[in-house]
Amino acid sequence: MIREFELFSHWLFVSFAPGSIPRSKYNALKSIHGISGQCFHLLANIEALVLEQMVVDWSRVNFLTSELIAAIRILVDQLQAIHPVEFMDAQEWLSKISFYTNLATDRLVLEGTPPFLYSLASQENRPPSLQKLPHCLCTSKKLQGFITTPALFQYFVEANDLRHSLNAILQTLDITSLPSLRKCQQQSQELITAGSLPQSIVNDLEVTAFDLAGHGEKIDVWTFVGNSKHWQPVAVQHQIMPADIFITWKNAVAGKYTPYALGHRLSQALTDEEEGVLVYVVPSNAPKPDCFVPQNMKADIDPKKLHQRLAQVLPLVTDLHVFQAEGEPLRPEHCRSLHDLVCLCLEQGLAGIFAFAGQPSRGLAGIKQIRLEVPVIINSFNLGGGLFPSAAEKTTISLDDIRSVPAWSFLQGLVNPTVLWPGLKNEEETSPPHYSSYAIVDQFFAHCTLRLGSNLYTVECCCDDDQSKYVHFRFKGSGHLPENLIRRHILAQILEEEGFTVKVCGDYLDAVRCAKMDVYLQRSLVCLGLLVAWIHSTPLASMLAMGEKHGLKTFRTIRKKALLPSL
C-alpha cells in the first residue's frame, strides 16, 4: 500500500486569506492532488508489464486502462472547477485519447451464434470457426463423432453473464505462481459448473450423444483450445455416460482454464475472448485421436508476443509527450496520452490556485517565487514561519530567505556545486528555467513538487516535535525502456542506504524514512536534493552506459564530495 502525502493536513482552507479563494476551488485542488497520485500508480503498473517483463492476462491491461480513464475523468472535472472557461475542451481531448486507447486494448470477441454442434461425418456447411480442425482429427482415417463449436461456449458465457466474473479472476492471475494458477482454475470451474443453457440446446446435445454412442456404449470427450489457425489439446475425459454429456461438456470447457491452457494462451498473447474452445465427442470404442494431452503441466511462457501487443498501447497511455519545451504553457491540445492528461490536471490545478490566490487584490502576500543558483524556479506558498521577515516585501526570494528547516535542507542539496547542472558549464551559459515547480512551507514542514524535464519529483517532510517526523519522497519518470529500469534501481539502492523504506513499480518509486532526530531527516533531505540534481543532470543514455554498479559508485563519490558520508 502506497503511503499518501499529508499536504492537506497542513495546507488547510484557512491557510488562505479570507475571501482569497472559493472553497470549491480548494476542494477541487485537494481532489486533484489525491487522484493524480492514484493515476501515477496505475501508470506505473502498466509500465511494469514491459519494464519487468511480466506476462499477464489481457484483462489486466483492460482493467488498468479503464481504471485510469475513469480516474482522469474525475481529474478533468476538478480541473474545470478551478478553470471553468479555460479548459472547456479538456473533456473532448480525454474522449478522443480514450477512444483510441480502447481501440488499441479491445479485442474481437467470438460470436455466440449457431450452429453449436457439427458432425465430423459432414464436410458441408462447416462453421467459420472450424475452417481448420485440430491436426490430430484431420489425420484420422475415419472421422467419427461430433464437435461442439466455439460459439457454444461463447453463448454459454453470454447466457450466464460470466464475462465480468471471469475477467475479475483472470486479471489477478500470477502466471509464475502455481497456487495462483490453481486458484484461477478452481474459481473458473465453479463459475462454469453453476451455469446453464436453454433446455432445447441441452436436449440437442443429449440426443446427439445418445445417437453417437449407440445402445449401452460410452463416450470420450476431448477439449481443444485455440483459434482457426491452431488448436491445442488440453484435456480428455474417458468412459462417460451419454446422459451426463452436459455436465461433462461444462467440465470440458473448464479445461480452458487449466495451468497449461492458460500458459499456452498467454504465450500467444490472446485474450480469453479471442481464444475458442471446442469439444470433440467420440465413442469410447472408436479409434483415438493421436494427441498428447499434458497432465498437470505449465506451458513455457514467452512474453514477446504480449509485449508486441502492449507496444501498440503504451504510446497512448504511459508515454509523455508534454514538457518537451521549457516554459511552454500546457494545454489540452498538447496531450497525446493519458499520462499527458494527468500531468495537465496536476500542473494546471496547482498553477490555477497559485495564480488565483496570488493576485494582489486577494490580499495573500505569502506566495513568492524562489529563484536558485540552478535553472529551477519554485512558486512557494508560506503557511507561516516558512520565510524570514526579510522576504515580506519581496515577490522573488532566494535560498537565504527560507526559514523552513526541511525546505532549506532539500534545496541546499539541490544547488550543491558538486553536481554540475546542464547549461552551467560557465557563467554565460544558462538553461531555460523550469516553471512547473511548487512548494508549500512552514518552519517545520515542507511539500515540494518539482517538474524537471519529463520527470516529476515530490518531497515532503515534517520535523515538528509535536508530530510524527518523516521524509516522504516520490519519483515518477516517463518511460519503459531498459535505461529507465537502471535509473530506478540506482535510486532505490541509494535511498535504502539512506535508511528509506522503498517501494518500486514501473518507472515509479515511493520512499519513506521516519526518524526521531532532526539531524537524520535533514541529512536525508540534503541527500535527496543532491540525488534529484544528479538524476536530472545525467542523461538516460549515460545512465545505461555506466550501468547499475558504476552508477551507484558515481553517486557515492558525489555524496562524499558533498560532505555526506554514508550512514
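Tabulated data
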{"read-out": "Counted residues, the stretch 445-477 - those being among the β-branched types (Val, Ile, Thr) and at positive phi", "value": "0"}
{"read-out": "Residues (surrounded by fewer than 21 Cβ atoms within 10 Å (Cβ to Cβ), farther than 15 Å from Ala261 by Cβ and not polar (S, T, N, Q)) located in the stretch 148-182", "value": "Tyr155, Glu158, Ala159, Asp161, Leu162, Arg163, His164, Ala168, Asp174, Pro179"}
{"read-out": "Residue in the stretch 216-230 that is crowded, with 24+ Cβ neighbours inside 10 Å and farther than 22 Å from Leu197 by Cα present", "value": "no"}
{"read-out": "Filter result (outside any helix (DSSP H, G or I), touching a Ser or Thr at 6+ places or on another chain (Cβ under 8 Å) and of a type in the set (Val, Ile, Thr)) within the stretch 245-278", "value": "Thr271, Val277"}
{"read-out": "Residues within the stretch 392-430 that are touching a strand residue (DSSP E or B) at 6+ places or on another chain (Cβ under 9 Å) and at pLDDT below 90, tallied", "value": "3"}
{"read-out": "Residue within the stretch 146-168 that is modelled with pLDDT under 90, more than 30 Å from Tyr26 (Cα to Cα) and not aliphatic (A, V, I, L, M) present", "value": "no"}
{"read-out": "Matching residues in the stretch 225-244 - criterion: being polar (S, T, N, Q) and outside any strand (DSSP E or B)", "value": "Asn227, Ser228"}
{"read-out": "Helices (runs of 4 or more DSSP H) (entirely within the stretch 1-118) containing at least 1 residues that are more than 25 Å from the chain's Cα centre (by Cα) and of a type in the set (Gly, Ala, Ser)", "value": "7-10, 23-51, 58-82"}
{"read-out": "So Arg559, is it more than 26 Å from Ser478 (Cβ to Cβ), in the same structural domain as Thr501 (by TED's automatic domain parsing) and touching a residue at least 12 places away in the same chain (Cβ under 8 Å)", "value": "no"}
{"read-out": "Any hit, the stretch 540-552, residues being among the acidic types (Asp, Glu) and free of Cβ contacts under 8 Å to residues at least 12 places away in the same chain", "value": "no"}
{"read-out": "Test: His215 is part of a strand (DSSP E or B) and either at pLDDT 95 or above or over 22 Å from Lys132 (Cα atoms) (or both)", "value": "no"}
{"read-out": "Search result, residues across the stretch 400-420 that are hydroxyl-bearing (Ser, Thr, Tyr) and in a helix (DSSP H, G or I)", "value": "Ser409"}
{"read-out": "Tally of residues being surrounded by 21 or more Cβ atoms within 10 Å (Cβ to Cβ) and aliphatic (A, V, I, L, M) across the stretch 465-484", "value": "1"}
{"read-out": "Cys505, sole failed condition from (1) closer than 25 Å to Ile46 by Cβ; (2) at pLDDT 90 or above; (3) surrounded by 21 or more Cβ atoms within 10 Å (Cβ to Cβ)", "value": "(3)"}
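Quick grid of which residues meet (1) surrounded by fewer than 21 Cβ atoms within 10 Å (Cβ to Cβ); (2) on the phi > 0 side of the Ramachandran plot; (3) of a type in the set (S, T, N, Q):
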residue: Gly384; (1), (2), (3): yes, yes, no
residue: Ala391; (1), (2), (3): no, no, no
residue: Thr396; (1), (2), (3): yes, no, yes
residue: Ile402; (1), (2), (3): no, no, no
residue: Pro406; (1), (2), (3): no, no, no
residue: Leu411; (1), (2), (3): no, no, no
residue: Leu414; (1), (2), (3): no, no, no
residue: Thr418; (1), (2), (3): yes, no, yes
residue: Pro422; (1), (2), (3): yes, no, no
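Here is a yes/no grid of residues against (1) surrounded by fewer than 19 Cβ atoms within 10 Å (Cβ to Cβ); (2) among the polar types (S, T, N, Q); (3) in the same structural domain as Tyr508 (by TED's automatic domain parsing); (4) at pLDDT below 95:
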position	(1), (2), (3), (4)
Leu42	no, no, no, no
Glu47	no, no, no, yes
Val50	no, no, no, yes
Val56	no, no, no, yes
Leu68	no, no, no, no
Ile74	yes, no, no, no
Phe87	no, no, no, yes
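The values are calculated or read from the model by the stated rules, or taken from the named source; none is laboratory data. Just so we're clear, the structure is a prediction, and the values are computed from it rather than from any experiment. We place every Cβ from the backbone using ideal geometry, glycine too, and count neighbours over all the protein chains shown.
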